[in-house]
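One structure is given here, and the rest of the page talks about it.
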Amino acid sequence: MDDLEENLRRLLRGESIPMSHVDVRVIDAESFVPLTKLSIGYIVCGVLINDKNEVLMMQEAKRSCYGDWYLPAGRLEPGENLVDGVKREVKEETGLECEPTTLISVECSSGVWHRFTFTGRVTGGNLKSTKEKDSESLQGRWMSMDTIKSSETQLRSFDILKLIKCTQKYYAAVEAARHPAMLPALRDHCILVLRLVIVFKLDDRKEQLLINTKNGAHFPSGMIAPRDRAVSACCKRVVKSAFGKAQEVPKVCGLLSVEHCGIPKGEHDGVCYTMVYMYEGLGSDQTPQIKNPSYEWRSLHDDSLHTELLTRIQQELLVPLIDLH
């Protein structure tokens, strides 16, 4: 249990942990090779807010949305990691340099479209003016929310409003009520994979964690298939593997870590999400019955680790992963 608990500590810090194999594999995922900008689209987006509560915006130069306003965002480039990608997009589109401090959210609309929204602080550069317009943008500008929502401001898409709202909520909270700063950990993955920390809340007893014991005790994992309309499809496959068809899918709590590398180009364009799920409110003092002998329920020996995990769940101190379907 010591190695398992140490891995959980690392995940709670937003760090990566080794993954020697994947428990639940999918045929079409086995043959799928994620290649940035070719077979998979990673979008990076920056929501930067100044001390006047203004949001950094950019004006589009693309023909399809010329003159519209949007957050600095764009597709990750081959051979690039997620943090470097959002720094580049902010610089190219607004002229400002930034240092990302945490992920605000991760969105998935399919197995091949993922958007990573960051916030951070401005560290340098000069706001792009219309005299410096280029193919990336016409200009950058700090805008109040009243201006952004004004009928006079033509937005490329209203989807950015929820990202801004989520970021404002993050900054409005006291530090103890924010999820701990979490940036993607650099670890190479050749596939799309979901690691699951599944917690079962027992009546008046210490919560249990679902563990896979095959090839050494570890948190269960499964492949995210390119055909999946949502990451939840992968969770369902793992749950089915452990419990059989009848067991309901646990509640999504949020992300503990994101692992991605992107280097060298074309070889490590996969990603690993570590998600926390919970079974609760079942009115039972017994854990769901496991059908697969490779799985078992375990309690954490370290009470402080147990408390930290439960606090993160109960106070919603996790980065949200949002399925858009």
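Nothing in this text is a laboratory measurement; each read-out follows from the coordinates by a stated rule. What you are looking at is a predicted structure, and each value in this text was computed from that prediction instead of being measured. Cβ coordinates were reconstructed from backbone atoms using ideal geometry, including for glycine residues, and neighbour counts include every protein chain displayed.
Between residue 263 and residue 35, the modelled label-to-label distance comes to 2.2 nm, taking each label 7 Å out from Cα in the direction of the beta carbon.
Exposure proxy for 66, 42: other Cβ atoms within 10 Å of each Cβ, ordered fewest to most, give 66, 42. Computed from backbone phi with θ = phi - 60° and the Karplus coefficients 6.51, -1.76 and 1.60, the 3J(HN,Hα) list for the stretch 111-120 is x, 10, 10, 9, 10, 10, 9, 10, 10, x Hz; x is used for glycine and proline. Highest mobility in the GNM of the chain, judged by mean-square fluctuation with C-alpha springs under 10 Å and restricted to 18, 100, 78, is found for 18.
Does the stretch 50-89 classify as rounded, prolate or oblate by the C-alpha gyration tensor (a ≥ b ≥ c root eigenvalues; a/c under 1.5 gives rounded; else a/b over b/c gives prolate, otherwise oblate)?
Numbers: a/c = 4.42, a/b = 1.17, b/c = 3.79.
It comes out oblate by the Cα gyration axes.
Short-range pairs are left out: with C-alpha atoms under 8 Å and at least six residues apart, the relative contact order of the chain is 23 percent.
For residue 37, the amide hydrogen comes within under 5 Å of the amide hydrogens of 42, counting only partners 5 or more places away or on other chains and with H modelled in the peptide plane. As a length-normalised measure over Cα pairs under 8 Å and 6 or more apart, the relative contact order of the stretch 254-325 settles at 34 percent. What is the chain by shape, rounded, prolate or oblate, if you read a ≥ b ≥ c off the alpha carbon gyration tensor as root eigenvalues and call it rounded for a/c under 1.5, prolate for a/b larger than b/c, and oblate otherwise? Here the chain falls in the prolate category. Across the stretch 41-177, Cα pairs under 8 Å and at least six residues apart give a relative contact order of 30 percent.
Amide H to amide H, with H built 1.01 Å from N, residue 103 comes under 5 Å of 182, 183, counting only residues 5 or more places away or on other chains. Which of rounded, prolate, oblate describes the stretch 1-91, given a ≥ b ≥ c as roots of the alpha-carbon gyration tensor eigenvalues and a/c under 1.5 marking rounded, otherwise prolate only if a/b is larger than b/c? It is oblate, given that a/c is not under 1.5 and a/b is not larger than b/c. When the helices of the chain are scored as -39500 (n - 2.57) per DSSP H run of n ≥ 4 and the total is divided over every residue, the value at 222 nm lands at -6500 deg cm²/dmol.
What translational D, rounded to a whole number of µm²/s, comes out for the stretch 94-153 from Stokes-Einstein when the hydrodynamic radius is the Kirkwood one over Cα pairs, at 20 °C and 1.002 mPa s? D = 152 µm²/s.
Applying the Karplus relation 6.51 cos²θ - 1.76 cosθ + 1.60 with θ = phi - 60° to the stretch 162-169 yields 3J(HN,Hα) values of 5, 5, 5, 4, 5, 5, 4, 4 Hz, where x marks Gly and Pro.
With r as the distance between the Cβ atoms of residue 133 and residue 77 and R0 = 25 Å, compute the FRET efficiency 1/(1 + (r/R0)^6) and round to 0.05.
Working: r = 21 Å, r/R0 = 0.86.
The formula returns an efficiency of 0.70 here.
Applied to the stretch 142-153, the Karplus parametrisation 6.51 cos²θ - 1.76 cosθ + 1.60 on θ = phi - 60° returns per-residue 3J(HN,Hα) values of 7, 10, 6, 5, 4, 5, 4, 7, 5, 5, 7, 9 Hz, with x for Gly and Pro. Note on the chain: GNM, Cα springs under 10 Å; of 179, 260, 301, the largest mean-square fluctuation is that of 301. Between amide H atoms placed 1.01 Å from N, distances below 5 Å from residue 24 occur with 221, 222, 223, all of them 5 or more places distant or on a separate chain. Debye-formula intensities of the stretch 41-177, expressed as log10 I(q)/I(0) at q = 0.11, 0.13, 0.18 Å⁻¹, are -0.37, -0.52, -1.03 (one equal scatterer per alpha-carbon, no solvent). Comparing 250, 293, 180 in a Gaussian network model of the chain, where Cα atoms under 10 Å apart are tied by springs, the biggest mean-square fluctuation is seen for 293. Enumerate the residues in the stretch 103-140 having an amide nitrogen under 20 Å from the point lying 7 Å beyond the Cα of residue 178 toward its Cβ. Residues 103-107, 116-124 fall inside that zone.
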